[in-house]
Amino acid sequence: MSEKRYYQEEIETMPVEALRELQKEKLLKQVRHVYDNVPYYRAKMEELGVTPDDIKELEDLSKLPFLSKTDLRDAYPYGLLGMPLSECVRIHSTSGTTGKRVVAFYTQKDVDLWEDCCARAIVAVGGSKEDVCQVCYGYGLFTGGSGLHGGSHKVGCLTLPMSSGNTERQIQFMMDLNATILCCTPSYAAYLGESLKEAGYKPEDNRLKAGIFGAEPWTEEMRRDIEASLGIKAYDIYGLTETSGPGVAFECEEQTGMHINEDHFLAEIIDPDTGEVLPEGSKGELVFTALDKEAFPLLRYRTKDICVLSRKKCSCGRTHVKMSKPMGRSDDMMIIRGVNVFPSQIEAVLLKEGYPPNYYIEVDRVNNSDTLDVFVELTAEQFEDTVGKFSARENALAEAIKTMVGVKPKVHLVNPKSIARSEGKAVRIVDKRKLH
Ligand code: ADP
Ligand code: ZN
């Protein structure tokens, strides 16, 4: 491990008081910038009767209107631009997990600060110029590839810009070029682990030491699985296109939540139903105000991600607030016969019961009643000794899921390798109710 523990030590370990002061200064400036340059948002402020002069303290943030994905779609493509297009150097787009894509713009300064955030994440997992960083997030419109790529350059790692897919080549380069840090979605990391095993490699055969995995929800069980199959420490990273991309928050060596880069992003937790700001430690929807972004300066953007913030002292020395793993998006939550169910809860049960993280969930409505079907792959070993015991196994798993989530699904165990693997974000839910 390198000597350097932080990429930007002064900022990352800044006393909380000073950090709040810095946030306040930036907020006041940013509100003015948005009011002056983004008519769409100014109109929203005017509707509430708020002007930049009303924002004097951090606490005044709650006077500002929220922005949501609907606003981004309504204002598509240029309505939320804060700079002339001639000052912008890049466009990215969301992966469109939950509907129509939105686009985000970047000035060179925006790209620079975003890459700093990703560099912080890489140094936090022990990255230095001695490392070979294999980036297999998708490149292109998706933010994953470019973000980690830029961060890797800033740290001085030897960067392998693989992009997603072509697993055989990923493995060949990983082994031949001694990759030490792997960046991809957790579902693809799990798949790489599985593929390495099939190719006859043991976890200790590769030189990887750490992985930076994000862009989709994953459980602690999945973390342990990936760590074992690749012989690494697996770290979480979080972000969204609307706030630049990955690197809004990242995990440190404690692996107990992700430090939010608070000098750039002001975080709030709100009640998703009422919009009320909740006290620290409450579970609710994460809302971000970008303090430095020029081209796409979103104020109070509702992420729909449900999580908890904690300012408990972290052993790594960083002072920035930590967010828990998002337990799913509020729009990922399935309501099955009146019960709230997140895919992550089901995933946790599967892994605990020894199944691989290869599954999908199908929801439908038959005779006015919701149905929940969970399709789960068997491992090759399970497949061998399951002959004749399928229904007993399926039933046991259905019971275990019921204990956890309160709804009993119908479980379908399927042959090894029969569920399509994802190279980017995994598709976990098929909601057929929306099709009727
Ligand atoms: P889309 O909304 O189309 O998926 P993005 O690619 O910008 O667009 O994805 C951002 C979303 O991905 C976040 O709002 C969050 O729901 C999810 N996400 C990103 N990182 C993580 C993570 N580490 N854990 C869980 N969810 C994550
Ligand atoms: Zn820490």
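The values are calculated or read from the model by the stated rules, or taken from the named source; none is laboratory data. Everything numeric in this text was worked out from a predicted model, so none of it was measured. Virtual Cβ from ideal backbone geometry, glycine too; neighbours counted across all protein chains shown. Heavy atoms of the whole protein, side chains included, go into the accessibility calculation; ligands, DNA and RNA do not. Shrake-Rupley method; radii C 1.70, N 1.55, O 1.52, S 1.80 Å.
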Does LYS304 satisfy being of a type in the set (Lys, Arg), at pLDDT below 95 and touching a strand residue (DSSP E or B) at 6+ places or on another chain (Cβ under 6 Å)?
yes
Would you confirm whether or not segment 158-171 contains a residue that is of a type in the set (A, V, I, L, M, F, W, C), open to solvent by less than 10 Å² (accessible area, probe 1.4 Å) and modelled with pLDDT of 95 or more?
no
Give the number of residues within segment 245-268 that are touching a Gly at 6+ places or on another chain (Cβ under 7 Å) and open to solvent by 10 Å² or more (accessible area, probe 1.4 Å).
1
Of the residues that make up segment 250-258, is at least one within 16 Å of ligand 2 (Cβ to nearest atom), closer than 21 Å to ALA426 by Cα and in contact with a His (Cβ under 8 Å, 6 or more places away or on another chain)?
yes
Away from ligand 1 (no atom under 13 Å from the Cβ), in contact (Cβ under 8 Å) with a residue 60 or more places away in the chain, in the same structural domain as PHE105 (by TED's automatic domain parsing) and touching a strand residue (DSSP E or B) at 6+ places or on another chain (Cβ under 9 Å): is that true of GLU253 in this structure?
yes
Can you pull out the residues in segment 266-324 that are farther than 18 Å from LEU58 by Cα, within 17 Å of the chain's Cα centre (by Cα) and not in a strand (DSSP E or B)?
SER324
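Residues checked against (1) assigned to a strand (DSSP E or B); (2) farther than 30 Å from ASP36 by Cα; (3) within 12 Å of ligand 1 (Cβ to nearest atom):
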site: SER86; (1), (2), (3): no, no, no
site: VAL89; (1), (2), (3): yes, no, no
site: GLU115; (1), (2), (3): no, no, no
site: GLY126; (1), (2), (3): no, yes, no
site: LYS129; (1), (2), (3): no, yes, no
site: GLY144; (1), (2), (3): no, yes, yes
site: HIS149; (1), (2), (3): no, yes, no
Is segment 276-296 home to any residue that is of a type in the set (Lys, Arg), within 14 Å of ligand 1 (Cβ to nearest atom) and in contact with a Leu (Cβ under 8 Å, 6 or more places away or on another chain)?
no
Say whether the condition of being touching a helix residue (DSSP H, G or I) at 6+ places or on another chain (Cβ under 7 Å), open to solvent by 30 Å² or more (accessible area, probe 1.4 Å) and within 21 Å of CYS252 (Cα to Cα) is met by at least one residue in segment 184-199.
no
Looking only at segment 202-238, count every residue that is out of contact with any helix residue (DSSP H, G or I) (no Cβ under 7 Å at 6 or more places or on another chain) and part of a strand (DSSP E or B) and tell me the total.
5
Quick one: which residue in GLY145, GLY126, GLY138 is in contact with a Phe, Trp or Tyr (Cβ under 6 Å, 6 or more places away or on another chain) and buried (at least 17 other Cβ atoms within 10 Å of the Cβ)?
GLY145
For GLU115, indicate whether it is of a type outside the set (A, V, I, L, M, F, W, C), out of contact with any helix residue (DSSP H, G or I) (no Cβ under 7 Å at 6 or more places or on another chain) and assigned by TED's automatic domain parsing to the domain that holds LYS29.
no
Scanning segment 377-420 for residues that are open to solvent by less than 60 Å² (accessible area, probe 1.4 Å) and under 21 Å from GLU216 (Cα atoms) gives GLU377, VAL405, ILE419
Cβ-Cβ distance below 9 Å, separation of 6 or more or different chains: which pairs start in segment 373-389 with a residue that is not assigned by TED's automatic domain parsing to the domain that holds ASN415 and end on one that is among the small types (Gly, Ala, Ser)?
none
Would you be able to tell me the number of residues in segment 52-83 that are in contact with a helix residue (DSSP H, G or I) (Cβ under 9 Å, 6 or more places away or on another chain), modelled with pLDDT of 95 or more and open to solvent by 70 Å² or more (accessible area, probe 1.4 Å)?
4
